[in-house]
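K.L.:
This structure is in structure tokens; I'll ask about it shortly.
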């Protein structure tokens, strides 16, 4: 099963948070999960890294497969955005990850489950 990791958890790990490190270590031990990020979540990390963070950040991200964003994901994300933005304040990054999961299967790990109110997807808070 795909385990999609939202950027908030990636950021906490890169900042040295022990809970995030423990989560990744535990997830890697579970052979039933493949670690994934969406292209947008990867962009959130690499666009804002500092030059001195580049080597460690890219090494960390190499542990993940990156899911591409295509037309069908964008179109489904637009539907989700129109459905959920007004009531939950979701942003484009959230709905695109939700659309990826709806199309490819798996679950989302994030620290704020309110970003994914869609009943069709599985969302877990890892710590």
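Please treat every number below as a calculation from the coordinates, not as lab data. These figures come from a predicted structure and were not determined experimentally. Here the Cβ positions follow ideal geometry from the backbone for every residue, glycine too, while neighbour counts run over all protein chains shown.
K.L.:
Given the options 22, 112, 56, state which has the largest fluctuation in a GNM of the chain using a 10 Å cut-off (strictly under) for Cα springs.
P.N.:
56
K.L.:
Sort out for me the Cα centre separation of region 36-102 from region 1-16, rounded to whole Å.
P.N.:
Comparing the Cα centres of region 36-102 and region 1-16, I get a distance of 11 Å.
K.L.:
Who wins for biggest fluctuation among 94, 70, 17 in a Gaussian network model of the chain, springs between alpha carbons below 10 Å?
P.N.:
70
K.L.:
Next up: When N counts the residues of region 40-114, how does its alpha-carbon radius of gyration compare numerically with 2.2 N^0.38 Å, as a ratio?
P.N.:
1.23
K.L.:
Which value, in Å³ per residue, describes the convex hull spanned by the Cα atoms of the chain?
P.N.:
Taking only Cα atoms, the chain has a hull volume of 101 Å³ per residue.
K.L.:
Moving to a separate point now. If you count, for each residue, the other Cβ atoms within 10 Å and average over each peptide, how do 35-47, 73-85 line up from highest to lowest?
P.N.:
The peptides rank, most packed first, as 35-47, 73-85.
K.L.:
While we're on this one: Considering Cα pairs under 8 angstrom that are at least six residues apart, work out the relative contact order of the chain and quote it in whole percent.
P.N.:
31 percent
K.L.:
Let me ask something additional. How big, in percent, is the set of alpha carbon pairs in region 1-43 lying more than 13 Å apart?
P.N.:
Across region 1-43, Cα pairs with separations above 13 Å total 53 percent.
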